[in-house]
């Protein structure tokens, strides 16, 4: 996306009329080659020109066609590359991005990606609730100590997500004539505050990405010239304070119940680590830390299950491990 992925062949920006002309010639070729549902992302209606064409490709569960090879061998572009699954190639001196999307998130991906930069800007608001807005919809990323985690899908219903953010979903369903209309829509959220979008307030990786996005930087310029947007809703720094609000907003998800269950599982994992860990294994086996110790640990764990570790004491685990380890010492296979 962005029209800059192809470095070794000529591509150029196209007017909106040229964009539609190219689409009319390209789609029959893609339909014949792939036989899959295609969707061109929507853009604000007065957009004068384009750096590329973003096309979503609906991927069914039993799909086994190599999109890269099909494009390379049959359309024969001057250059073709892949990045994170997206297949990018040139067609009539225009960059084409084919973006594979699994069928279970097809509808939610379309409406999330339509009318750039809507999804990105909405995501800055959801982030302050501790949520992520993306292709899967609204998601809570459960993390504990940065290692144990699971994504909890809150909803992929676009209208409910927008209502949660204090935005009118019908505005986006209707479409936008100008970029300014998109910006005004975002500002209309009851949770809007310019501070949420300032580059200095973003994470390092998010700041790096958004510095390269013209529509995001245009938004910052737009709000800078509107005095009243310097004030707005002020979020708590501690995002856990919004867990109850998320739970009450989407009661059918049983959000807090899921959080509690995940916390319990995490506590169980911590307890298991006190009974069976690298330090204990070094003591029991005489091995020093390193790759071999890790292999021994993983091999023994495969002979048991979590319940076995839960039900046995450290001493019992030690005795069972030493019996098993002695078979290795005697030359037996793991």
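Read the figures in this text as sums done on the coordinates, not as results from a lab. What you are looking at is a predicted structure, and each value in this text was computed from that prediction instead of being measured. Cβ: placed from backbone, ideal geometry, glycine included. Neighbour counts: every protein chain shown.
Evaluated at q = 0.07, 0.09, 0.10, 0.15 Å⁻¹, a Debye calculation over the C-alpha positions of the chain (equal weights, vacuum) places log10 I(q)/I(0) at -0.46, -0.69, -0.80, -1.20. Within the P(r) computed for segment 35-190, what percentage of the Cα pairs occupies the region above 27 Å? Value for segment 35-190 (Cα pairs over 27 Å): 35 percent.
The relative contact order of segment 1-103, computed from alpha carbon pairs under 8 Å that lie at least 6 residues apart in sequence, is 36 percent.
In whole percent, what relative contact order does the chain give with Cα contacts below 8 Å and a gap of six or more residues? Reported relative contact order: 11 percent. Any idea what log10 I(q)/I(0) is at q = 0.13, 0.15, 0.24 Å⁻¹ for segment 14-107, Debye with uniform C-alpha scatterers and no solvent? Treating every Cα as an identical point scatterer, log10 I(q)/I(0) equals -0.43, -0.58, -1.41. With the alpha-carbon atoms of segment 80-138 aligned to their principal axes, the span from lowest to highest coordinate is 43, 23, 18 Å, starting with the largest. If you run the Gaussian network model on the chain, springs between alpha carbon atoms under 10 Å, then out of 273, 265, 150 the most flexible one is 273.
Of the peptides 36-44, 295-303, the ranking by mean beta-carbon count within 10 Å, highest at the top, reads 36-44, 295-303.
For segment 17-78 versus segment 272-302, the spacing of their alpha-carbon centroids is 52 Å. With q set to 0.14, 0.22, 0.29 Å⁻¹, the log10 of I(q)/I(0) for segment 239-302, from the Debye formula over equal scatterers at the Cα positions, is -0.60, -0.88, -1.17. Relative contact order of segment 204-334, taken over Cα pairs closer than 8 Å and 6 or more residues apart, is 15 percent. Calculated from the alpha-carbon coordinates, segment 1-64 shows an Rg and a Dmax of 13.4, 39 Å respectively. Assuming 1.002 mPa s and 20 °C, estimate D for segment 197-294 with Stokes-Einstein, Rh taken as the Kirkwood radius over Cα pairs, in µm²/s. Using the Kirkwood radius from Cα pairs, D works out to 112 µm²/s. In the elastic network of the chain, a GNM with C-alpha springs shorter than 10 Å, the most mobile of 245, 255, 276 is 276.
Based on Cα atoms of segment 115-257, Rg over Rh with Rh as the Kirkwood radius reads 0.96. Taking only Cα atoms of segment 276-329, what ratio of Rg to Rh do you get with Rh as the Kirkwood inverse-distance radius? Result for segment 276-329 is an Rg/Rh of 0.93.
Using only alpha carbons, segment 131-198 has a radius of gyration to Kirkwood radius ratio (Rg to Rh) of 1.06.
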